[in-house]
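First comes the structure, then the notes that go with it.
Taken together, the values in this text are just the output of simple stated rules run on the coordinates, not laboratory data. Quantities reported herein were computed from a predicted structural model and do not represent experimental measurements. Every residue, glycine as well, gets a Cβ built from its backbone with ideal geometry; the counts of neighbours run over all protein chains shown.
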Amino acid sequence: MNVRLPRAATAAIAASLLLGATQQALADDYDLQREVMAGGCANCHGTDGARAGNVPPLAGRDADYLEERLLAFKRNEVADTTIMNRIAKGFSDDELASLAEHFANVEQE
Amino acid sequence: MSVNSKPFQSRLGVSRRQVLKGLGAASSLPLIGGFAAPAFATGSDGRVVVIGGGFGGATAAKYLKRANPNLSVTLVEPARTFYTCPFSNLFLGGLREMSKIAHGYDELRDRYGVEVVHTMAQDIDPDGHSVSLANGDTLHYDKLVLSPGIDIRWNALEGYDEAAAELAPHAWKAGPQTELLKRQIEDMDDGGTFVLVAPENPFRCPPGPYERASMVAHYLAQHKPSSKVLILDAKDNFSKQGLFTGGWEQLYGDSIEWVGLSGDGRVTRVDAENLEVETEFGTVHRADVLNVVPPQKAGWIAERAGVTDASGWVPVKPESFESQQVADIYVVGDASVAAPMPKSGFCANAQAKVAAAAIVAALRGDSTPEPYWSNTCYSLIGPEYGISVAGVYRIQDGVIAEVEGSGGLSPSDASAEIRQMEAEYAVGWYNAICQDTWGTEA
């Protein structure tokens, strides 16, 4: 039997499957590739970017804000920068967006 | 693979609360049918042995467990307390206590479930995939990580052997040697000369000798202002050279003198008993305190493993830091050949993360993640005068290369405010990397 679902129901099921898939991915996949890309950040910002010191923490901050800052560093638009302008230039804009997303989604203790 | 507590373990390690949270997640998801994994798993996904508990080894152990808590990870490190070379110069300068460069292994053991064994690794059998320990045990591995740091090439510089190092310390491995050098500086009469012998490349911490000269000059300016620092160098160029010489002039006037290779700065013979050194063209310099940074090679266990080449260092595959010569042995940190990455604690940590990810992927049968590395080396010229060099590295044409346009030095014309910020960030960096590596707050 071929049951046709209304479009909205299909979308809802798809969304819930996607959500499920995301949770599954979160559970199963410490995202090894993104962790490797973000690995160097921990050396000044602490593990998961979560250390609160004189170097600002990254964990749990708004992704758009982080991305904007990283792009500004890359383009030499932040006055009185020490090293972040030199570091940000090592990543493509897409990679910086991915890093921003990564740190925005770090679970807080 | 069970789904239950993994996200909590992998992101934040294992605390009681997180384990409970994980159990809750598992019990509320009966369809996934998970059982609660034991907090410290039995190693069903593979056995990894890590030798060396410095920046490279401790980071590798932690990041292996973060990525896959079901690995069995054993860290072999003789010392219960590890003293870092980074910031040991600040101890010499009187800016930091030894206890503030000391780190232990509680977090690795208690939070990440790493088995930490405080003994020496004595030998490695690459064919049998085993490590024999000084305590008589044998450890079997699927993957082995070596982070053995450096060893001194005794007698490569004539007259500089282990006995000489008790009179003219190298202090290039932090600990008793650092304390010995500090006592000698404190005992020196005002008006004395501190002579630092700097080696050819490659060696651990390229800016290290020049930061050391700065910190000693800072101490002397405070306590023995008529004293001098003389650097006798086997090369004509050194890391952050313009920044150092500019800072020296500004902070210490002419009390630091640097003599490079072309100025007959290369020392060819050390007479530790008389605190004298002789250069290539026969000039003899007498020191009141003699600090010899000698020629170096990979830590000796790397030779036992058969991973070193004629240079004494370890060639590695860039994408994973697996040895080019021996399968299933990964070598990170100062022992590896990773130029243009410098031999720094930061790089050891960065390389360890790449190696850990490669090992986790390999044990799952997955492809190696694409590596990323970065480095930042801060040096203090004075307590409020910091400089840095940074780099971001990727693989290009099969070798490690600095990403074009990234990295570089602090500006030569930076303001006093920027120099002060870099001095503060140097401390922020140290505290953060130690938290990331050992979980310790110095």
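Please sort through the DSSP H helices of chain B and keep those with an alpha-carbon extent of at least 15 Å along the long axis and a Kyte-Doolittle average not below 1.0.
Span-like helices in chain B: B:345-364.
From the Cα gyration tensor of the range B:155-294, with a ≥ b ≥ c the square roots of its eigenvalues, which class applies: rounded if a/c is under 1.5, or else prolate if a/b is larger than b/c, or else oblate?
Verdict is rounded for the range B:155-294.
Please report B:Ser344, B:Ser367 as a ranked list, fewest other C-beta atoms within 10 angstrom at the top and most at the bottom.
B:Ser367, B:Ser344
Taking only the alpha carbons of the range A:31-104, what extent do you get along each of the three principal axes, in Å, biggest first?
Taking max minus min along each principal axis of the Cα atoms, the range A:31-104 gives 31, 27, 20 Å.
Based on the Cβ-Cβ distance of B:Asp236 and A:Glu107, what FRET efficiency does E = 1/(1 + (r/R0)^6) give at R0 = 56 Å, to the nearest 0.05?
For B:Asp236 and A:Glu107, the calculated efficiency is 0.65.
So what is the calculated 222 nm ellipticity per residue for chain B, using -39500 (n - 2.57) for each DSSP H run with n of 4 or more, over all residues, to the nearest 500 deg cm²/dmol?
Rounded to the nearest 500, it is -9500 deg cm²/dmol.
Residue by residue through the range B:189-197, what is 3J(HN,Hα) from phi via Karplus (6.51 cos²θ - 1.76 cosθ + 1.60, θ = phi - 60°)? Round to whole Hz and write x for glycine and proline.
6, 4, x, x, 10, 9, 9, 10, 9
Using 0.36 nm per residue, how much length does the chain from B:Ala156 to B:Asp137 gain when fully extended, once their Cα-Cα distance is taken away?
3.4 nm
Highest first, please rank the peptides A:91-99, B:332-340, B:421-429 by the mean number of other Cβ atoms sitting within 10 Å of their residues.
Ranked from most to least packed, the peptides come out as B:332-340, B:421-429, A:91-99.
For peptide B:55-63, what's the mean number of Cβ atoms from other chains within 10 Å of each residue's Cβ?
If you average over the peptide's residues, the count of other-chain Cβ atoms is 1.
Within a 10 angstrom radius of each residue's Cβ in A:77-84, how many Cβ atoms of other chains show up on average? Whole number is fine.
The mean count of partner-chain Cβ atoms within 10 Å per residue comes to 5.
Partner chain Cβ atoms within 10 Å, averaged over the residues of B:365-378 - can you pull that number for me?
For peptide B:365-378, the averaged partner shielding equals 4.
Would you kindly calculate the translational diffusion coefficient of chain B, applying Stokes-Einstein with the Kirkwood radius from alpha carbon pairs, for 20 °C and a viscosity of 1.002 mPa s, and quote it in µm² s⁻¹ without decimals?
In µm²/s, the coefficient rounds to 94.
Ranked highest first by average number of other Cβ atoms within 10 Å, how do A:30-42, B:233-245, B:102-114 line up?
Those peptides, ordered most packed to least, come out A:30-42, B:102-114, B:233-245.
Quick check on packing: order B:411-419, B:130-138 by the mean number of other C-beta atoms within 10 Å, highest mean leading.
B:130-138, B:411-419
At a 10 Å Cβ-Cβ cut-off, how would you order B:Thr74, B:Thr59, fewest neighbours first?
Listed from fewest to most nearby Cβ atoms, that is B:Thr74, B:Thr59.
Starting from the Cα-Cα distance between B:His223 and B:Lys100, subtract it from 0.36 nm times their residue separation and give me the gain in nm to one decimal.
Using 0.36 nm per residue and subtracting the Cα-Cα distance, I get 42.0 nm.
For B:Leu139, B:Leu232, what's the fewest-to-most ordering of other Cβ within 10 Å of each Cβ?
Least crowded to most crowded, the residues run B:Leu139, B:Leu232.
Percent of Cα-Cα pairs per 10 Å bin, from 0 to the last occupied bin, for the protein assembly as shown, please list those.
4, 17, 27, 25, 16, 7, 3, 1, 0, 0
Would you grab the residues whose amide H sits under 5 Å from the one on B:Val50? Only those 5+ places off in sequence or on another chain, please, with H modelled 1.01 Å from N.
Here B:Thr74, B:Leu75, B:Val76, B:Val145 satisfy the definition.
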